[in-house]
1. Taking a ≥ b ≥ c as the square roots of the eigenvalues of the Cα gyration tensor of the chain, is the shape rounded (a/c under 1.5), prolate (a/b larger than b/c) or oblate?
2. So, by mean Cβ neighbours within 10 angstrom, what's the order for 22-29, 51-58, 178-185, 82-89 with the highest one leading?
3. With an 8 Å Cα cut-off and a minimum separation of 6 or more residues, compute the relative contact order for the chain in percent.
4. For the stretch 133-189, what does the alpha-carbon gyration tensor say about shape, rounded, prolate or oblate, given a ≥ b ≥ c as the root eigenvalues, a/c under 1.5 as rounded, and a/b over b/c as prolate?
5. Let me make sure I get this right: for the stretch 3-68, a, b and c are the square roots of the gyration tensor eigenvalues over alpha carbons, sorted descending. Under 1.5 in a/c it's rounded, otherwise prolate if a/b > b/c, else oblate. Which is it?
6. Tell me, what is the percent relative contact order of the stretch 141-249, built from C-alpha pairs under 8 Å that lie six or more residues apart?
7. At 222 nm, what helix-only mean residue ellipticity would the chain give, in deg cm²/dmol to the nearest 500, using -39500 (n - 2.57) for each DSSP H run of four or more?
8. Compute the distance from the alpha-carbon center of the stretch 124-140 to that of the stretch 8-31, in whole Å.
């Protein structure tokens, strides 16, 4: 059994017995490897986002959170490649790491023959990058997790004139344009809603203060309504310009927009 097959089988073994644990020794005997190999395999699965936890004690071992995993899924090679293509477009956005983790989770629960066919399909699909156009920089984790963390941020920000300011902000959402992504936040320095272009944020740290329950007002964006669409999981809205959550999207060609940080 090769390593990919073993990882897949190991997840299914833990899923079948969950929430009871399996010891490293038991798994080693089951898959005819040493316990050190089992530990390395479990570590690789955990890094890919599979919710496997170690339970201490004589009757402990590794257990899988069954409620947070996918069963084997019937995804066609074309569907898997379509997902990979869509996630590739998230480079330079707050969702790049989450997209990579989502794809790893999908591949981990696909049957091995389907993974091989999807990889062969993917090798026939190519991206063409504009010459001289730099790759977008990765978004720092503290910014990517700004909404889910629910903490006030301390920012050091450079405006369009490269003037640097320091301020406390309450994250409210994200705004996605064709060229840039922005953090929408309530700026305590200006006492109003402002947008902060992600590649202009010099540094960001969480504070211990929880973001107050400030309601989001779409009027803060000052963007024509036909250009604004919140993200939805409804597939009938695929292909429309979208943002994320309270996150709104806007066209860079429309020069009206949310108030930039200054």
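Read the figures in this text as sums done on the coordinates, not as results from a lab. Worth saying up front: this structure is predicted, and the values here are computed from it rather than measured. Virtual Cβ from ideal backbone geometry, glycine too; neighbours counted across all protein chains shown.
1. Prolate, because a/c is 1.5 or more and a/b exceeds b/c.
2. Ranked from most to least packed, the peptides come out as 178-185, 22-29, 82-89, 51-58.
3. The normalised contact order for the chain reaches 13 percent.
4. oblate
5. Here the stretch 3-68 falls in the rounded category.
6. Relative contact order comes out at 28 percent.
7. -9000 deg cm²/dmol
8. The stretch 124-140 and the stretch 8-31 have Cα centres spaced 40 Å from each other.
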